[in-house]
Amino acid sequence: MENNNSLEAYGTDPICQDARKGETSSDDELPKLKLRHVLGFNGKIFNGLVVHPLGRHVIYAVGRHVIIEEIIGPCKGRQEMLVGHLGVVTALAVSTDGKFIVSGQMNAIRESRSPVIVWDWCTRKKILEHEMHRETTSVLVFTSSSRYFVSLGGPDDGSLGIWDTTERRPLVSQSAQVKRVGPATVVCASYVNSSKFVSVGESYGRIWNFDHDTSNLTYSELVFGSSARKVTCAEIGDKDNSEPIYIFCGTSSGTVLVFHGDSGVLISEILSPSFPLGITVLTYTRMVDDNTYCILVGTGEGKVAHYKIRIEFKNNKNTCKMELYSPQSIWQDPQTCSSVTSISKLGAGSQFYVGVYQSHMYRFTLIPWGSQLVRTCSNTPINDAAFARGTDDLLVTAEPEKVRVFNLKVMLEARRYVRTGRECTSLCVRHDGTHIMTGWDGGDILVLGFEPKGLGLHVAYRIDSAHRQAVGCMALTSCSDKLVTGGRDSFVSVWQLVEDLDTRGCRLRQALRTFHLVDQKGPITQIKIAADDKTCVASSLDGTAVSYDLISGLRIHTFPWSCGLSCVTFGQVDLQLVTCSNDGHIQWWDVSNKRISCYSPSGSLAFIFWKHSSTKASLLIAWL
């Protein structure tokens, strides 16, 4: 699964043949770490999972980065990362010919302008970066021509912009709505007319026409009439050059509004079938006949279905009827029931990808109707992660309400433990991989074992009231006979893990507290145990790193710094300590004389460790 950053790794896409000829590589650049895999997917972005038009890759966002993953071919599963955003990516789109990717972000600073970045598909490099919208770029949509795309700002901005990828600049910006109504939240473009697109919000919408020659925007308003609805998604049904053109809008109340594509008049509101949590995604697929349109529907309760909408004119009145394409063409994951946020067609639409709010990714087939779970990821912060000792194929993560075990060979979730209403704050894995030690926000420790049957984790035994507050960090000795824990109550505890037999002859596992160490005054941030299992060191937000003797429980040394320490580790030998502080410095300490040997300013740091190579040299790795 190793990533290759050479141009040959981009595949044999026809659209990239000309671009490769002019590419040169710089030999004076510093060597970069190769990306093995990104285990994540931000399912909270609407239309944030996009299949590339050539059908070999999917594009999605993870945090501040855009990920390109190959789904077909000999390098299936290989990923590439586009790095350039300084805030969380909130919008994503791909041009119809696949030559460009455009992404927008949310700024952490209020009233600042949010940048929009255009990436070249062939070179994987940014070709345009420009700030337009205030704070957030909420929607990005390409027109039927890959030259132009539309951007929509967030609720505090309310403006709509047209961009030119050829001239590499924004052409025009205009307010997307009048002041008396709420902000527009949805933008959809015509499949055949590069000048036409629609913006919709709460009981208000506009049909836009863009003049390529004069760069002028004109619009006509959608006529909602007496229907007060909040539109959450929209599609223009003109892919098959049908006449007349209709605009389909899904609403938060679970109905579908059908507008005339030219006049903007509301033709009908489809009330049945109803979706109690609203319609979140609409994707147009094809026409069955002159009056029947097929669409894919994603709902707030997690349903994905294939419907056909028939529009008829009878007795001087338009009537619309919506029914399933076939009785089997409806699906819902009974375990998650998470809102559908993305539906992206693969090729002509016989297959498509679906993303849900809880960051699960599915692959569907239309005929026969079926689904396959591609990936499950976390949609909450990951508090801690640990590998099973001696292997890099099993990764365990600590999250709010969950502990997950991932198999990195196939990049799938293998096991899960759920504890509702609690947050797992730290964990570590036994040396033999049989148990997972987990610390929780209530101060207790659960030791999880693998169920012999099924795919779950069970509680082998527990340590109640291990700390007064959350268990912030923990570490095991090399043979897993001692557990050292640090809490946000500023205390460090040493536990002896024993196995015995009870009066009935059954195996009894328990943890006995041998030492309770109270030398620090702030929350404990990290604990490391020396290679000989005789000493340990704990860093704290009070600005100290304290080393302890695990045999006697006595304090050995205290290493003070001017601000809080976020992490600590032993150096190449146990006579050196390396710490990271909240002011962005790395400190090297000499254990023998308790003095700092040197420090390096490195910016904001979160984690460090020493990497021992086969040449016996050591590298200090710092996580930003």
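Restricting attention to the range 236-294, which residues are of a type in the set (Asp, Glu), surrounded by 17 or more Cβ atoms within 10 Å (Cβ to Cβ) and assigned to a strand (DSSP E or B)? Even if it seems obvious, please write down each step before you answer.
Applying the first criterion (of a type in the set (Asp, Glu)) to the range 236-294 yields 238, 240, 243, 262, 269, 289-290.
With the extra rule that they be surrounded by 17 or more Cβ atoms within 10 Å (Cβ to Cβ), the set shrinks to 238, 269.
Hit for the range 236-294 is GLU269, nothing else.
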From the list LEU86, LEU92, LEU128, LEU140, which one is assigned to a strand (DSSP E or B), of a type in the set (A, V, I, L, M, F, W, C) and more than 21 Å from LYS345 (Cα to Cα)? LEU128
Which residue pairs have Cβ atoms closer than 6 Å, lie 6 or more positions apart in sequence or on different chains, and pair a first residue in the range 315-336 that is without any contact (Cβ under 8 Å) to a residue 60 or more places away in the chain and closer than 22 Å to VAL258 by Cα with a second residue that is surrounded by 14 or more Cβ atoms within 10 Å (Cβ to Cβ) and among the charged types (D, E, K, R)? LYS321/ARG310; TYR325/LYS308
Looking only at the range 315-325, count how many residues are within 13 Å of VAL304 (Cα to Cα) and either of a type outside the set (A, V, I, L, M, F, W, C) or crowded, with 20+ Cβ neighbours inside 10 Å (or both). 1
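Quick grid of which residues meet (1) in contact (Cβ under 8 Å) with a residue 12 or more places away in the chain; (2) more than 36 Å from the chain's Cα centre (by Cα); (3) more than 24 Å from ALA93 (Cβ to Cβ):
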{"position": "SER190", "(1), (2), (3)": "yes, no, no"}
{"position": "TYR204", "(1), (2), (3)": "yes, no, no"}
{"position": "THR218", "(1), (2), (3)": "no, yes, no"}
{"position": "CYS233", "(1), (2), (3)": "yes, no, no"}
{"position": "LYS239", "(1), (2), (3)": "yes, no, no"}
{"position": "GLU243", "(1), (2), (3)": "no, yes, yes"}
{"position": "ILE247", "(1), (2), (3)": "yes, no, no"}
{"position": "VAL256", "(1), (2), (3)": "yes, no, no"}
{"position": "PHE275", "(1), (2), (3)": "yes, no, yes"}
Of these, THR255, THR214, which one is touching a strand residue (DSSP E or B) at 6+ places or on another chain (Cβ under 7 Å) and not basic (Lys, Arg)? THR255
Qualifying positions in the range 424-449 - surrounded by fewer than 18 Cβ atoms within 10 Å (Cβ to Cβ) and either in contact with a Cys (Cβ under 6 Å, 6 or more places away or on another chain) or touching a residue at least 40 places away in the same chain (Cβ under 8 Å) (or both): HIS431, ASP432, GLY433
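Each row is one residue, and each column tells you yes or no for (1) surrounded by fewer than 17 Cβ atoms within 10 Å (Cβ to Cβ); (2) over 27 Å from GLU167 (Cα atoms); (3) at pLDDT below 90.
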{"site": "ALA9", "(1), (2), (3)": "yes, yes, yes"}
{"site": "SER26", "(1), (2), (3)": "yes, no, yes"}
{"site": "LEU33", "(1), (2), (3)": "yes, yes, yes"}
{"site": "ASN42", "(1), (2), (3)": "no, yes, no"}
{"site": "ALA61", "(1), (2), (3)": "no, no, no"}
{"site": "ILE72", "(1), (2), (3)": "yes, yes, yes"}
{"site": "LEU82", "(1), (2), (3)": "no, no, no"}
{"site": "VAL89", "(1), (2), (3)": "no, no, no"}
{"site": "VAL94", "(1), (2), (3)": "no, no, no"}
Pairs with Cβ under 8 Å, 6+ apart, first in the range 565-590 and of a type in the set (Phe, Trp, Tyr), second surrounded by 16 or more Cβ atoms within 10 Å (Cβ to Cβ) and not in a strand (DSSP E or B): PHE570/ALA530; TRP588/GLY571
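Quick grid of which residues meet (1) among the hydroxyl-bearing types (Ser, Thr, Tyr); (2) modelled with pLDDT of 90 or more:
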{"residue": "ALA511", "(1), (2)": "no, no"}
{"residue": "PRO523", "(1), (2)": "no, yes"}
{"residue": "CYS536", "(1), (2)": "no, yes"}
{"residue": "SER540", "(1), (2)": "yes, yes"}
{"residue": "TYR548", "(1), (2)": "yes, yes"}
The range 273-305: number of residues that are within 25 Å of GLY201 (Cβ to Cβ) and not aliphatic (A, V, I, L, M): 15
Residue check, TYR246 in contact with a Gly (Cβ under 8 Å, 6 or more places away or on another chain), farther than 28 Å from LYS44 by Cα and not basic (Lys, Arg): yes
Across the range 298-333, the tally of residues that are out of contact with any Pro (no Cβ under 9 Å at 6 or more places or on another chain), assigned to a strand (DSSP E or B) and of a type in the set (Ser, Thr, Tyr) stands at 1
Part of a loop (DSSP other than H, G, I, E, B), out of contact with any Gly (no Cβ under 8 Å at 6 or more places or on another chain) and among the small types (Gly, Ala, Ser) - does that describe any residue in the range 172-179? no
In the range 547-563, which residue that is surrounded by fewer than 18 Cβ atoms within 10 Å (Cβ to Cβ) and among the small types (Gly, Ala, Ser) is farthest from VAL537 (Cα to Cα)? SER562
I'm trying to understand the selection: among the residues of the range 476-496, which are surrounded by fewer than 20 Cβ atoms within 10 Å (Cβ to Cβ) and small (Gly, Ala, Ser)? SER478, SER480
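The values are calculated or read from the model by the stated rules, or taken from the named source; none is laboratory data. For clarity, every value in this text was computed on a predicted model and none was experimentally measured. Here Cβ is always computed from backbone atoms with ideal geometry, including for glycine, and neighbour counts include all displayed protein chains.
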